[in-house]
Amino acid sequence: MAPLEIGIAGFAALTLLIVAGMHISTALLLVAFVGTALIRDDWDLAGSLLGQAATDAVTEYEFGTVPLFVLMGLLAMVGGVGRDAYTVAHRLLHRVPGGLGHATVAGNALFAAITGISVASAALFTRLAVPEMLARGWRPRLAVGIVAGSSMLGMLIPPSLLMIVYAVLTETSVGDVYTAGIVPGVLLALVFMATIWGFARLRPGWVGEDAGHRTPEDARPVARMLAPILALIALVLGGMYAGFFTATEAGAVGAFGALVVAIARRSLDARSFWSILIDTGYVTASLILIIAAAAMFSRFLAISGLPGAISDWVAASQFTLLQVLTVYVALLLLLGTTLDSTSILLITVPVFGPVFAQMGADLVWIGVITVLAVEIGLITPPLGMCAFVVKSSLDRLGARTPVGLSDIYLGSAPFALGALAVVVLLIAFPPLATWLGR
């Protein structure tokens, strides 16, 4: 077989292996090793080339961002920052029609600016918001849909682990991709809140009565709850945007800040801190293994010539950037129905990244579109990770109102459509993602 044919076969084999249930890192390693060996006709050389690719990947400075932001997010959760974000948002928005829903979105946005993990947001706000909304008379399907939908903010508003993966795959700056996600993240939150307001006006029977309702935590001053949240956001995003430190240094500062908050609130002891360190190690090891395997797979694709062949075909066919981008987004949405977010990135970005680069597209702009389109897959059937997390969290709560996965998918559908509308806006108006960084 010719190298290009092996590249096409390897890409197809990777997709099939992941769909069949093989772990993404194992599938990447297997396909990359076998494919490179077949192209070079030398199994020892294939092992050496792929080993070097893995070494080059994991020794990059940007990878220091991963454990630091994971540690920051876990410390923030222990310190009660997520609960405070929801409580503050509820205090400020409870008199607005659909106040609990708006508080859930706003709280998710604040929490996303600290953690960067969508499934963590989905699990936390299922426990915080759904019982509260059900008790206030909200329609169950809408209540769980708001939580599942707003969890998409976790990977779009920096710091985002998915953005780190994209930046490494495309060799772009993590800080630039982070900065580009701020305005689209705020825009997405506003779209979600507008959707909830529309439900409150057009379907008031679906939305409970929130006016005058206060949560038990409301006895504490808003400023005392809001100060640690704003301080952490200012340290991380403000420091990066002002140029005081890099994304990796921002992760270190943010982790230290979250540690100070947890200690000051006396919510961290030696045992829980050790548990957090262990969990950070597990998450980091998993991500680093995936990224190293992705580097091997990208090297295999480059050796096969598949990305170059696709770029040449696109150029010869005189496809416009808009046409290619439309097909790309449609593919991301399709893969989102069956694969997890990281797998989608690792399959598509190594192939389409060089194509967009050759067409002169801003890869930072493409990155924001990519992450948002991939995140829509978190709430689309049959495999919507956040939908499963919401369902699992509800089961552990023992909620009296039965809510099935179909209810979560249907309830989050308006928010998936809202996110898709933001994708269209980003395609039509690239400065929404790029102007802040400039």
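The values are calculated or read from the model by the stated rules, or taken from the named source; none is laboratory data. None of these values were measured; they are calculated from a predicted model. Positions of Cβ are backbone-derived with ideal geometry, glycine not excepted, and every protein chain shown enters the neighbour counts.
For this structure, a couple of remarks:
- Filter pass, SER160 being under 19 Å from SER121 (Cα atoms), modelled with pLDDT under 85 and in contact with a helix residue (DSSP H, G or I) (Cβ under 7 Å, 6 or more places away or on another chain): yes
- Residues in the stretch 265-282 that are closer than 13 Å to LEU75 by Cβ, of a type outside the set (D, E, K, R) and in contact (Cβ under 8 Å) with a residue 40 or more places away in the chain: SER267, LEU268, SER272, ILE276, LEU277, THR280.
- Residue match in the stretch 137-146 (condition: at pLDDT below 80, among the aliphatic types (A, V, I, L, M) and either out of contact with any strand residue (DSSP E or B) (no Cβ under 6 Å at 6 or more places or on another chain) or over 15 Å from ILE408 (Cα atoms) (or both)): no
- Listed by first and then second residue, the pairs with beta-carbon distance under 7 Å, at least 6 apart or on different chains, first residue in the stretch 150-163 and among the hydrophobic types (A, V, I, L, M, F, W, C), second not in a helix (DSSP H, G or I), are MET155/GLY116; ILE157/ALA113; LEU161/GLY116; LEU161/ILE117.
- Residue list for the stretch 350-366, restricted to those being at pLDDT below 85 and β-branched (Val, Ile, Thr): VAL351
- Assessment of the stretch 387-404 against the conditions (under 28 Å from MET193 (Cα atoms) and in contact with a Gly (Cβ under 7 Å, 6 or more places away or on another chain)) yields no matching residue.
- Pick from the stretch 106-146, criterion touching a Cys at 6+ places or on another chain (Cβ under 8 Å) and over 24 Å from GLY238 (Cα atoms), ranking: surrounded by the fewest Cβ atoms within 10 Å (Cβ to Cβ): VAL119
- Qualifying residue in the stretch 318-337 (condition: out of contact with any Ser or Thr (no Cβ under 9 Å at 6 or more places or on another chain) and modelled with pLDDT under 75): no
- For the stretch 388-397, the candidate set comprises residues that are farther than 14 Å from GLY149 by Cα and of a type in the set (A, V, I, L, M, F, W, C); within that set, the residue that is modelled with the highest pLDDT is LEU394.
- Some residue of the stretch 160-169 being more than 30 Å from ARG139 (Cβ to Cβ) and among the hydroxyl-bearing types (Ser, Thr, Tyr): yes
- Checklist (1) surrounded by fewer than 17 Cβ atoms within 10 Å (Cβ to Cβ); (2) more than 22 Å from GLY10 (Cα to Cα) applied to ALA252, failing item: (1)
- Evaluation of ALA293 against the conditions (1) on the phi < 0 side of the Ramachandran plot; (2) surrounded by fewer than 20 Cβ atoms within 10 Å (Cβ to Cβ) shows that the sole unmet condition is (2).
This table checks each residue for (1) touching a His at 6+ places or on another chain (Cβ under 6 Å); (2) surrounded by fewer than 20 Cβ atoms within 10 Å (Cβ to Cβ); (3) among the aromatic types (Phe, Trp, Tyr); (4) within 24 Å of THR380 (Cα to Cα).
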| site | (1), (2), (3), (4) |
| --- | --- |
| LEU289 | no, yes, no, no |
| GLY308 | no, yes, no, no |
| SER317 | no, yes, no, no |
| VAL327 | no, yes, no, yes |
| GLY336 | no, no, no, yes |
| VAL355 | no, no, no, no |
| VAL364 | no, no, no, no |
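- Considering residues of the stretch 412-438 that are more than 20 Å from the chain's Cα centre (by Cα) and part of a helix (DSSP H, G or I) only, the residue surrounded by the most Cβ atoms within 10 Å (Cβ to Cβ): PRO431
- Members of the stretch 317-337 that are touching a residue at least 40 places away in the same chain (Cβ under 8 Å) and not in a helix (DSSP H, G or I): GLY336, THR337
- Here the helices (runs of 4 or more DSSP H) wholly within the stretch 231-316 that include at least 3 residues being more than 23 Å from the chain's Cα centre (by Cα) are 247-264, 270-304.
- Options ALA258, ALA270: the member that is surrounded by fewer than 19 Cβ atoms within 10 Å (Cβ to Cβ) and hydrophobic (A, V, I, L, M, F, W, C): ALA270
- Residue in the stretch 338-348 that is on the phi < 0 side of the Ramachandran plot, out of contact with any Asp or Glu (no Cβ under 8 Å at 6 or more places or on another chain), of a type in the set (Gly, Ala, Ser) and in contact (Cβ under 8 Å) with a residue 12 or more places away in the chain present: yes
- Test: residue in the stretch 380-387 that is among the hydrophobic types (A, V, I, L, M, F, W, C), loosely packed, with under 15 Cβ neighbours inside 10 Å and either modelled with pLDDT under 90 or touching a helix residue (DSSP H, G or I) at 6+ places or on another chain (Cβ under 7 Å) (or both): no
- Among (1) outside any helix (DSSP H, G or I); (2) closer than 30 Å to ALA357 by Cα, the one test that TRP138 misses: (2)
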